[in-house]
Amino acid sequence: MTDTDDILRVNDLSTRFFTEQGQVNAVDELELRIERGEVFGIVGESGSGKSVTARSVIDLIDAPGEITDGEIWFDDAELAETVREDSPDAVDGSFVDLLSVSPAVRQSLRGTSFSMIFQDPESSFNPSLTVGEQLAEAVEVQRRASANPRSTKAKTDSAEYSFGNLLLSTVLPSQQFVTEESRERAIELLELVGIPDPVERAGEYPHEYSGGMLQRAMIAQALAGEPDVLIADEPTTALDVTIQAQILDLLDDLQTETGMTILLITHNLGVVARMCDRVGVMYAGEIVERGTLEDVFDDHVHPYTEGLLGSIPELEGANGQLEPIGGNVPSLLDHEMEDRCHFADRCPMAMEDCLDHPPEFDATGSEAHTVRCVLATRSYTERDALPPNYFGDEERPAGDKHAEPDRSDGEQPAERTQTTISDAGGESR
Amino acid sequence: MIPDRLESNLRQGFRESLLPKLGLVLLASILIMAIFAPVLATHNPTRTGYLDENGNSYPPLGTSYTTEIGQDGEFVEVEVESTSDHLLGTNDIGQDVFSRLVYGARTSMLVGLLGTGLAVLIGVPFGLISGYYGGRVDDAMMRIADTMLAFPSLVLALALIGVFGSAGFGIPDPLTRFGLIDGMPESTMLPGTVTVVVALVTWVWFARVARGEAMSVRNEEYVTAARSMGASNWTILFKHVLPNSLTPVIVLATIQVAAVILLESSLSFLGFSGTTLSWGYDISRGQGYQRTSWWISMVPGLGIVFAVIAVNLLGDWLRDALDPNIEGEGGGA
Amino acid sequence: MSIGKFLVKRLLQGVLVIWGVITIMFALRAVSPGDPANLIVGPAADPEIRDQVREQYGLNEPIYVQYVDYVQGMVTGDFGYSFQSSREVTTMVLERVPATLELAIAATIIAVVIAVPLGVISASRRNEPADYGATLFSLLGISTPNFWLGLMLILLFAVFLQDPMETYLGFSFPQGRRTVGFGEAVITLVTTGYAGDLLTWVRHITLPAITLGTYFTAMITRLTRSGMIDEFGKPYVTATEAKGIPYVLIRYKHVLRNTMIPIITVLGLQLGTLIGGAVITETVFNWPGLGDRLIQALNARDWPLMQGIIVFIALGFVLINIAVDALYATLDPRVTNE
Ligand code: SF4
């Protein structure tokens, strides 16, 4: 493999949802390299598959979703040693393919190697347990993992804490999952993320917190396991603008301090500019343009990226929805996806060449800059342009990049697809 | 009245699951049984004396039982065979069980539908007013509702019947009146007191639902707009608030029909219903003859179970498609 | 609002409700047709005796005086005298309470012990045979009138299976009135070490408790199933999964616990059904509880006894509901904050 210090290499990842309307290709043959210690941003509209990508990495895809294909190589020498005996195919040097290891191993990485911050802190905490208790659970996971380093026979959670323990714990405090030490550590964590009176606040319930405070608590919870990779899924979207900045500052500080890697999912290019080292723009389950911040902000090639950047002011809109470009969010239904550039029906520069699905082309700028668009190899000419009504009667915003989003109500399939994805992946809740 | 989205939910629910279809078929058969009882019944359900030569009831077709009869001052065991004349046998006083099953559907359905309808008529306006006006009015009305809820419905029903007795009145049966069918009862007894009492003990559930709906739309823009345009409270209540509460009321009403059928059968079983042509009453008839004549109480019970299952299946379908958050009283009594 | 204040408020509401119940019962009696004196001494009695009786029971007073007396009596626990047996109603009610409580508690225990696991299995194995089985069972359970279920159980166990059970198991479920109460049986066991009475009691209560408990088992199964499925869909479950805690904790400590919170309130409301069910179950099984006595009182038009029983039942209902609210408030931290 190459000499860069990658922590995560995602190859050919496909995640699909099998719904009543048909198969939804939420993530389609996605490639991703994330370096140790960097902040990698994935940006896109809702329904572009960015959240599903994140959840595929941390293994939180629920039925009817399924990772159908691909490899997720994770760099962890210690893990590689322990896995090698049982599944040698899943190991390559110090890398382990997370999609080839047993579910128990995969599960054991949650919290300790990967953790996640969710969009809406209020609905991401259990309303009937105290914040302190919920944090302590996360601490306990780490505590038990480090007290009991992965053995050859990968630990399974049933061996650790069983239904019997749980039943006993109703009468015997010593059988509780969460220990006193973890509770104390939870309080320290609350202090670390800047929550005043952490001792008191640890005993309070989520509804007694403000949104910003709760998001801090969630960050504390995600840090409890001292993860290698933190996945932040729209960490500021549900918050007030002033609080957003505070939360980003906090994440920034913590990242500098701990050196962890962050995979940041957002629809907000402002957040990307503020936080990320490198960024990938996602559309219809694919990364359509990727590179350093400069590549994407200044040297972008893809008309979709152009559209996103053109609408930055709107990003701060009250509803937080990203609707930069005319046309509908693409249908990800397998039977409706044609083998062409998926953006062609909304692209103001669509040409006949675009009817073949473009591969990733290298583009000018840094070495990392690639783009999935024919414009990387040729320039736009009127002569090759597709006629305006090529994709049915749906109006394309020819030439006008700032057109108002055209949400014609007749487009049921696309909208329904989107709900399906959000429902399944929990993206918008 | 029912928005498109809900309608498509309903369709989808119906298409995807076997249960609503089963419920509909069951309910339709029971309703047909109730309406065309005189046609379907094989005997006059009130006529007694269909017994064998020793005075024993006939068992259901294909079964037989042994019993002892006194003969010449001695007990002799005899075998009683079924007869194709009486599909489900006869009861202790020789009434045809099948015909009584068919006619029992009438009583159940009549009381179930009329009782629930009456409860809607009492409960919905009460709840709407309470929720729409809010404040003191609401407080007072909700305390009344709480008080009603503190009585187990069966107990309150028994108390009311204890006071007013149980009266019924006959509804003439057109099929026999006009001479289309011979030998069947001229009229069907509707247990009037029971119908009213059942409504009196179940209306509170409708009031609660209607109140919730009224409260949720009270401050909606269109209601404020209507008010600012000078619409009277009554107009607003009936034009805007009532239609809004219809969906949950329909769902609850369906569920309550099941509860009412069970309540009616309980009252009949205890002998307080005022009619003797009822599934519950027939079950109590068979209570003393379990050892030999098990079918006397088993058959009408199956009638109740099927009727209630039918209604419950439809209720589940409606609830899942229209509104998931409805509480009602079950009919375990 | 603290839990204390919350409870005080609920208690005050409860007092109002009980007053309402008492008033309704009084009003019913006042509008009831017929002369109560007739019920006591019979219509053919000497007018003089009848007057005496009227005097004695306070039936000659103006209606509001009767009302005040009546409420006063109720408040001090004096429910008057039975028309029929001339015994104190309070005693007649209290002596029947244990049997009803035994039945209700046994049924509740059966319901909870069977229904919660069944609901959990059903929700975790959606659309598998176990789920279909549980769903069918709960549909049948909520649709079966319990008096009929009771008769069928008697038919099956106490008639058809009695002899085989005696032969092969050495016991059967007896028909007929129970011979010993739970309290006495326990006292016997403790004082003499003889467990036979307790076993007899268990045999007697099994069928009635199943009869009364079936509806609740079915209902709680349904509620648990749908509640858990709803709850599993909530975002916090995913967030909790992301922490990497053991699955048992997610399922029970988080999801099941949160599912049970609303179910507890629904059960409080359904208590009326339980009591109504107890009345009729007691009739079917000849169980010497309040319901059995209520039916007797109704048949004899014994007003004071009937009133006493109904007011007592309402009182119990209100108290248990307050207890349920308190439980709810401790389980769901949001309640007292509203
Ligand atoms: S490939 Fe063609 S259609 Fe697709 S984005 Fe590029 S120019 Fe537009």
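The values are calculated or read from the model by the stated rules, or taken from the named source; none is laboratory data. Note that the structure is predicted; figures quoted are calculated from it, not measured. Positions of Cβ are generated from backbone atoms using ideal geometry, with glycine treated the same way; all protein chains shown enter the neighbour counts. For the accessible areas, the whole protein counts, side chains as well, though only heavy atoms, and no ligand, DNA or RNA atoms are used. Shrake-Rupley method; radii C 1.70, N 1.55, O 1.52, S 1.80 Å.
Here is how the numbers come out for the structure above:
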read-out: In degrees, nearest ten, helix B:192-218 long axis to first principal axis of chain B (Cα); value: 30 degrees
read-out: Point-charge dipole on Cβ atoms (K/R +1, D/E -1) for the protein assembly as shown, about Cα centre, debye to 20; value: 5360 debye
read-out: Positive-end residue, region A:106-236 charge dipole about Cα centroid, Cβ charges, pick of A:Met218, A:Tyr161, A:Pro173; value: A:Tyr161
read-out: Cα-based convex hull, region C:83-149, per residue volume (Å³, whole number); value: 105 Å³
read-out: Separation between Cα centres of region B:61-126 and region A:257-291, rounded to whole Å; value: 75 Å
read-out: Whether the protein assembly as shown is rounded, prolate or oblate, judged on the alpha carbon gyration tensor where a/c under 1.5 counts as rounded; value: prolate
read-out: Solvent exposure ordering (accessible area, 1.4 Å, most first) of A:Glu122, C:Glu102; value: A:Glu122, C:Glu102
read-out: In nm, spacing of pseudo-spin labels at C:Ala130 and B:Asp85 (7 Å Cα→C-beta vector); value: 5.5 nm
read-out: Listed residues B:Arg100, A:Arg33, C:Arg29 arranged by accessible area, highest first, probe 1.4 Å; value: A:Arg33, C:Arg29, B:Arg100
read-out: Tilt relative to chain B, helix B:153-164 - C-alpha long axis, 0 to 90 degrees, to 10; value: 80 degrees
read-out: Rotationally averaged projected area of chain C (alpha carbon convex hull; nm²); value: 24.0 nm²
read-out: Size of region B:39-196 as Cα extents on the principal axes (Å, biggest first); value: 79, 42, 28
read-out: Accessible area of chain C divided out per residue, in Å², using a probe of 1.4 angstrom; value: 44 Å²
read-out: Under-5 Å amide H pairs with B:Thr188, H placed in peptide plane, nonlocal only; value: B:Ile171, B:Asp173
read-out: Whole-angstrom gap from region B:162-224 to region A:337-383, using each part's C-alpha centre; value: 70 Å
read-out: Portion, in percent, of the accessible area of region A:1-156 that falls on carbon or sulfur, probe 1.4 Å; value: 45 percent
read-out: Computed over chain C: relative contact order in percent, which uses C-alpha pairs under 8 Å that are six or more apart; value: 28 percent
read-out: 15 Å beta-carbon shell around C:Leu136, net charge (K/R +1, D/E -1); value: +1
read-out: Within 10 Å of each Cβ in A:362-372, the average number of Cβ atoms from other chains; value: 0
read-out: Per residue accessible area of region B:194-305, 1.4 Å probe, in Å²; value: 34 Å²
read-out: At least 24 Å along the helix axis (C-alpha) and Kyte average at least -1.0, DSSP helices within chain C; value: C:3-31, C:97-124, C:196-232, C:257-285, C:303-331
read-out: Using a Förster distance of 41 Å, the FRET efficiency for A:Asp339-A:Ala245 (Cβ separation, nearest 0.05); value: 0.40
read-out: Per residue, the convex hull volume that the Cα atoms of region A:1-130 enclose (Å³); value: 150 Å³
read-out: Contact order normalised by residue count of region C:100-288, Cα under 8 Å, 6+ apart, percent; value: 36 percent
read-out: Theoretical gain in end-to-end length, B:Arg227 to B:Leu121 [0.36 nm per residue, Cα-Cα removed]; value: 35.7 nm
read-out: Degrees, to the nearest 10: B:97-133 long Cα axis against longest axis of chain B; value: 20 degrees
read-out: FRET efficiency, 1/(1 + (r/R0)^6) with R0 51 Å, evaluated for C:Ile49 and A:Phe163 via beta carbons; value: 0.10
read-out: B versus C: buried accessible surface, summed, Å² (probe 1.4 Å, to nearest 100); value: 4200 Å²
read-out: Over 30 Å (Cα to Cα) - which of C:Lys5/C:Lys253; C:Lys5/C:Lys234; B:Lys239/C:Lys234 fall in this group; value: C:Lys5/C:Lys234; B:Lys239/C:Lys234
read-out: Per residue, the convex hull volume that the Cα atoms of region B:101-177 enclose (Å³); value: 129 Å³
